[in-house]
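What follows is one structure encoded as C-alpha cells, with my remarks underneath.
The values are calculated or read from the model by the stated rules, or taken from the named source; none is laboratory data. Given the structure is predicted, the values throughout are model-derived calculations rather than measurements. Reconstructed Cβ throughout: ideal geometry from the backbone, glycine too, with neighbour counts over all protein chains shown. Remember, those area values only see protein heavy atoms, side chains included, never the ligands or the DNA or RNA. Shrake-Rupley method; radii C 1.70, N 1.55, O 1.52, S 1.80 Å.
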Amino acid sequence: AMATTKTMTTAVRTKGVARGRLLSPPLARSRDLAAWRRSALGLDGGRRAGVAPTATATHRQGARRCVVASAASAEELESEFGLAGSVRFEAGEGGLPKAVLTHVCGASCEVYLYGANILSWKQASGDEVLYVRPDAKFDKTKAISGGIPICFPQFGPGVLRQHGFARDADWSVGATSADYNPDDKDPCVELILEDGELSRECGFPHPFRVSYSVTLHRETLQTDFRVINTGKESFDFTAALHSYFEVAGVENASIEGLQGLGYLDKVGDPNNPTQVSGSAASPGPLKITGETDRVYGSAPQEVLLNVGTGAGIQIQNDGW
C-alpha cells in the first residue's frame, strides 16, 4: 500500500538540557486499546508535501482513549480523558476548553482545543517560554495571537485564506496518556482535526485527518504533527508551527544556526520577496536590528534562540 501519512516532529528545550535523538512522543495506556497509529514518512521542510491515499492502518497499543470526542465541555473532557497528576481539562480564557499537562519535574503546558494552540509552556522554575499578544482574542472571531498556532493546509498567503483554517478550528481530543515510569511520567494529549463543513467552505475539498500530539518530557516540549489522507486522490498542502517565543527585548535576543545562510527577505514586498545570498562573513549569531521577515529555505534541524537573559531555547525538528 502507498504511504498514507506525512509526519513532522519538533522538540523544544531549554539551554543546558542534554541533547539526544528526537523521538516521536509516546501515547500509552488505554481502557479499550482502540488506538491507531499509521506509518509515517518525513516531510521536507519549507516545501509543499503530497499525501497519497490508502486505507491501510496499524493499531497502537496503549492509548488511554482513542474514540474522537466531539465538541464537549471541559468537565466532560476531564471525566473522559483526565489523568490524575498528569493531564487535566479545564475552562481557559473566554471559557474555551484547554488541556493542562504537568510533568513530575514541575514543568507544564496548556493546549487550547480551539486551534490546537499551545498557549503556555512553563519550566519547573515557573518561567514562561511562550508569548501571547495582549490583544489576543478568545471569542473565536479570529485565531488566538500567540503561543504556537498551527498553519494548515496553507502557510502564508495563497488560494486559501492566510495560514489556512486549522488555527481557528475546533479540534477534538483523540487520546491522553502518561508514561508510567515512576521517575518520569511524560504527559501527552493527542488532538484530531478532520475534514468537514469548515474545510470545504474554506476551499479545501480533500478528505483528511490530522493527528497532533503534544508531550512534556521533563523540560522539553515535543510535538508530532501527522497528516493522513483518508480519500482516494492525492493532494498538496503546506504547514507550519507559527511559534511565539518570549524574549527579554528583541534587541537582546539572538539566533544561532542561521548565520551565513541565504534567505528570502519579505520586508519590502511579502508577495515578491528578495533573494539574499549566504555569506561566510557572518559567522556570529543572528541579531535582530530592525524589522525582520525572512524565510530560510536551508535552515538546519537545530537552532538556538538566546532570549537575552542568559537562557536559551533549543529547537530541534525532523520533517519540517
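Some notes on this structure:
- P(r) weight above 16 Å for region 136-200, C-alpha pairs, percent: 59
- Whole-angstrom Cα spans of region 182-296 along principal axes, big to small: 49, 49, 24
- Calculated FRET value between K140 and T230, using beta carbons and R₀ = 22 Å, to 0.05: 0.25
- A simple spin-label model places the labels of E251 and A91 4.3 nm from each other, with each point 7 Å out along Cα-to-Cβ.
- The convex hull built on the alpha-carbon positions of region 73-159 has an orientation-averaged projected area of 6.9 nm².
- Descending semi-axes in whole angstrom, ellipsoid equivalent of region 280-320, from the Cα gyration tensor: 18, 16, 11
- Distance histogram in 5 Å bins (all Cα pairs of region 236-320, percent per bin): 3, 12, 20, 26, 23, 13, 3, 1, 0
- Charge tally for L241 (other residues, Cβ to Cβ under 12 Å; Lys, Arg +1; Asp, Glu -1): 0.
- Charge dipole (Cα centre; +1 on Lys/Arg Cβ, -1 on Asp/Glu Cβ; no other charges) of region 231-312 amounts to roughly 120 debye.
- With a cut-off of 14 Å on the backbone N, no residue of region 87-103 is near the modelled label site 7 Å out from E194 along Cα-Cβ.
- Accessible surface of T141 - all protein chains present, 1.4 Å probe, nearest 10 Å²: 100
- For the residue pairs K140/K287; K142/K266; K232/K266; K98/K266, the alpha carbons lie more than 32 Å apart in K140/K287; K232/K266; K98/K266.
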